[in-house]
Amino acid sequence: MTDIKRMTREELKCFLSEMGEKAFRADQIFSWIHEKRCVSFQEMTNLSKTLREQLYKTAELPVLKIEDLKISALDGTRKYLFSLSDGNVIESVLMRYKFGNSVCVSSQVGCRMGCRFCASTIGGVVRNLKASEILDEVYAIERDTGENVSHVVVMGSGEPFDNYEEVVRFLRLLTDPAGQNMSRRNITVSTCGIPEKIRRFAEEDISIQLALSLHAPDDGIRKKLMPVANQYPLKDVLAACDAYFEKTGRRVTYEYALVRDVNADVSSAEKLGRLLQGRNALVNLIPVNSIQERSYEKPDREALLAFQNALAKYGINATIRREMGADIQGACGQLRRSYLENGRKGALTE
């Protein structure tokens, strides 16, 4: 069966041409999939019955099933556990802000990067997601809530650049004027730092916002937190980010998870300030989320502010991320991890 949800308009035209259909049918079907969010060919009522039957026999529209849903009593954040057609499960999160609804999507089932503070990496990567499956994380949430999604962050389970081709395809479909038509300024891709992929991404001519999972002011600390740092030294990663900014004009955001007694002291902040000084950079300070498999703890509020103030002395703009969904284990990988361990719906530990 051919997955037509991941097809571009041109690919869809070729597919339908082989079926003897005219090009305008591709535009109709593309609109049904990406504007109207249909989940079956029978909904495509302006197509002939014969064409709908042909599509049913030869094509597929991957649709995610809500396996579990947790809603925060604190801020209304909705954390979804979706099941895929092969029985795997992934997570997505809807966060409501004043500027609109933002969805954090996964790009892989699991992750092989091994970051010590992230539950997504426990158990490694199972497989890459198809562009259609990533898209339906957004569409399924819109179908469930009846609300539009205005912002997307590719920051859930998985390393986006470890699934490069499908993530780029997803981005092109998400921003297609004939489909969701999401503004490129409203989309962020977060990477742990693979220099050659960052440079390649700069040449894609889609100018998406880029975020680097930095999490350390030097290679020594970074290697303790992120195994990928053993392969890619900071100087190479930062040089690639600089190249991305030069090519696209998009300021890079540097994500920094603060871990008590590891990287959250003022000395680390000063080292980070010197590292990023002179760059058009935004640092997003993230109090680390506690997971049962790790002993990491977040610093107190006083330490967070001291870290932020130390960066300001180097001219570095730093924000402290608002914690969303704290009462429903909103961090990456936690709901999926609980579900797999318990093997049942509602497996989240309250």
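Overview of values
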quantity: Amide H contacts under 5 Å for Val252, placed H, 5+ residues apart; calculated: Leu282
quantity: Size of the chain as Cα extents on the principal axes (Å, biggest first); calculated: 69, 46, 37
quantity: For region 61-127 and region 214-254, distance of Cα centres in Å; calculated: 25
quantity: The chain, helix-only ellipticity at 222 nm - DSSP H runs n ≥ 4, -39,500 (n - 2.57), divided by all residues, nearest 500; calculated: -10000 deg cm²/dmol
quantity: For region 2-60: rounded, prolate or oblate by the Cα gyration tensor [a/c cutoff 1.5]; calculated: rounded
quantity: Whole-Hz ³J(HN,Hα) from phi, Karplus 6.51 cos²θ - 1.76 cosθ + 1.60, for region 178-187, glycine and proline x; calculated: 8, x, 4, 6, 6, 5, 5, 5, 9, 10
quantity: Antiparallel DSSP beta bridges within region 1-118, as percent of all bridges there, nearest 5; calculated: 90
quantity: Karplus-derived HN-Hα couplings along region 29-35 (A = 6.51, B = -1.76, C = 1.60, θ = phi - 60°), whole Hz, x at Gly and Pro; calculated: 5, 4, 5, 4, 6, 9, 9
quantity: Burial ordering of Thr8, Thr45, Thr121, fewest other beta-carbon atoms within 10 Å first; calculated: Thr45, Thr8, Thr121
quantity: Loop-resident sites, region 33-73, for GluC sites (Glu not before Pro), counting at most 13 other Cβ within 10 Å (DSSP); calculated: Glu35
quantity: Per-residue ³J(HN,Hα) for region 98-108, Karplus 6.51 cos²θ - 1.76 cosθ + 1.60, θ = phi - 60°, Hz, x for Gly and Pro; calculated: 5, 7, x, 8, 10, 10, 9, 10, 8, 10, 9
quantity: Cα gyration tensor shape of region 40-123, rounded if a/c is under 1.5, else prolate or oblate by comparing a/b with b/c; calculated: oblate
quantity: Region 15-131: Lys pairs at Cα distance under 17 angstrom, eight or more positions apart or on different chains; calculated: 5
quantity: Order of Asp68, Asp261 under a 10 Å beta carbon neighbour criterion, fewest first; calculated: Asp261, Asp68
quantity: Nonlocal amide H pairs with Ala59, under 5 Å, H built at 1.01 Å; calculated: Thr2
quantity: Proximal lysines relative to Lys298, as straight alpha-carbon distance under 17 Å, when same-chain residues fewer than 8 apart are discounted; calculated: Lys224
quantity: Tensor-based shape of region 148-223 (alpha-carbon gyration tensor, a/c under 1.5 rounded, otherwise prolate or oblate); calculated: prolate
quantity: Of all DSSP beta bridges in the chain, antiparallel share, percent nearest 5; calculated: 45
quantity: Residues with amide H under 5 Å from that of Gly110, placed H, sequence gap 5 or more; calculated: Val126
quantity: Sorted by Cβ neighbour density within 10 Å, fewest at the top, the residues Leu174, Leu12; calculated: Leu12, Leu174
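Each value in this text was obtained by applying a stated rule to the coordinates, not by laboratory testing. Keep in mind the model is a prediction, meaning the values are calculated, not measured. Note: ideal-geometry Cβ built from the backbone for every residue, glycine included; neighbour counts use all protein chains shown.
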